[in-house]
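Reviewing the structure listed below.
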Amino acid sequence: MRTVIIVQARMTSSRLPGKVLMDVGGRPMLAQELRRLQRCEGADEIVVATTTNATDDPVVALADEESVRWFRGPEGDVLSRYVGAAREAGAEVVVRVTGDCPIIDAGVTDRVIHDAITHSAECDYSSNVLVRTFPRGLDTEVLFGDALLRLGRMAQTAAEREHVTAGIYSRPHLFAVRSVTDSIDNSDLRWTVDTVADLRLMRALYEVVDISAGAPYFQILSYVRTHSELQNLNADVVTWEPVKPQAW
């Protein structure tokens with residue numbers, strides 16, 4: 001099955017505008033993320049899904065520099081961007097990640113891809129976010145192409161269009177889902193960038209761990225767990241989470 005990672009990214013983030021191109025470890029944050037995703041063995045291609053706004057021209061330029069396909073669509077209707085990007089790339093399996101996760105791990109992403117494809121006969125959607133055990137920032141959601149198209153037709157509210165998979169949460173009876181969890185719960189850690197505090201943590205980690213060279217999740221985790229001062233840098237940041245059915 002042709003598997004495509006689609007990375008949503010834009011410059012007009014409400015909490016930290018321009019974050020996707022801010023410097024982390026000597027490169028734009030999005031470039032660091034794309035290079036880590038390029039290590040995925042289960043993906044055939046990566047696409048950056050950005051907006052048609054002129055403010056996102058630099059995002060397109062970065063994708064070109066990294067030799068990554070890009071797709072442009074509405075700013076608020078992110079789901080429409082995913083549908084368009086998936087169609088253009090000929091995706092049978094769509095992997096959703098966001099462009100503010102410079103420590104995303106190829107091995108973890110591959111694990112979710114493998115889970116979905118292995119259970120394709122009984123699964124529309126698999127992710128490591130339904131039951132959280134991984135740090136935020138390693139988030140990976142995998143949908144089959146037909147499930148994404150169904151979601152695109154069904155989703156009506158602004159929240160469902162913006163948050164892409166929220167329509168699955170609001171219609172649990174229509175989508176067969178699977179959850180990928182780890183043996184140890186590290187969900188207290190926050191490795192995504194929404195605030196200056198988050199950015200400070202990412203920059204600190206890139207200074208002390210060889211993340212640019214592809215340091216895997218367990219290596220980063222080991223360092224963080226033995227340096228509590230790093231965990232405390234963004235411990236007070238509040239994270240938005242969509243409401244999920246209790247059955248999950």
Potential lengthening between Thr12 and Asp57 on full extension [0.36 nm per residue; Cα-Cα distance subtracted] = 15.0 nm
Estimated [θ] at 222 nm from DSSP helical runs (n ≥ 4, -39500 (n - 2.57)) normalised by residues in the chain, nearest 500 = -10000 deg cm²/dmol
task = Tabulate in residue order the Karplus-calculated ³J(HN,Hα) for segment 51-66, using 6.51 cos²θ - 1.76 cosθ + 1.60 with θ = phi - 60°, rounded to whole Hz; enter x for Gly and Pro.
result = 9, 7, 5, 4, 5, 9, 4, x, 5, 5, 4, 5, 4, 4, 4, 8
request  = Using a cut-off of 13 Å between beta-carbons, work out the net charge of the residues near Arg200 (Lys and Arg +1, Asp and Glu -1, Arg200 not included).
outcome  = -3
key: Residue among Asp198, Asp210, Asp236 with the largest mean-square fluctuation in a Gaussian network model of the chain, springs linking Cα atoms under 10 Å   = Asp236
note = The percentage of the accessible area of segment 68-131 (probe 1.4 Å, all protein chains present) made up of carbon and sulfur atoms, to the nearest whole number, is 51
key: Förster radius 25 Å - calculated FRET efficiency between Val208 and Arg69 (Cβ-Cβ, nearest 0.05)   = 0.15
message = Below 13 angstrom from the Cβ of Ile211, what's the summed charge of the other residues (Lys, Arg +1; Asp, Glu -1)?
response = +1
ask   = Cα centroid distance between segment 184-215 and segment 125-170, in Å?
value = 24
remark   = Rounded to whole Å², per residue accessible area for the chain with a 1.4 Å probe reads 42
ask   = What do you get for Rg/Rh of segment 110-248 when both radii come from the Cα atoms and Rh is the Kirkwood radius?
value = 1.01
key: Extension reserve of the His173-His227 stretch, reckoned as 0.36 nm per residue once the Cα distance is removed   = 15.1 nm
remark   = Here the percent of antiparallel bridges among DSSP beta bridges lying wholly in segment 1-105, to the nearest 5, is 10
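The values are calculated or read from the model by the stated rules, or taken from the named source; none is laboratory data. In this text, all values refer to a predicted model and were calculated from it rather than measured experimentally. Glycine also receives a Cβ, built like all others from the backbone with ideal geometry; neighbour counts cover every protein chain displayed. For accessibility, only protein heavy atoms count, side chains too; no ligands or nucleic acids. Shrake-Rupley method; radii C 1.70, N 1.55, O 1.52, S 1.80 Å.
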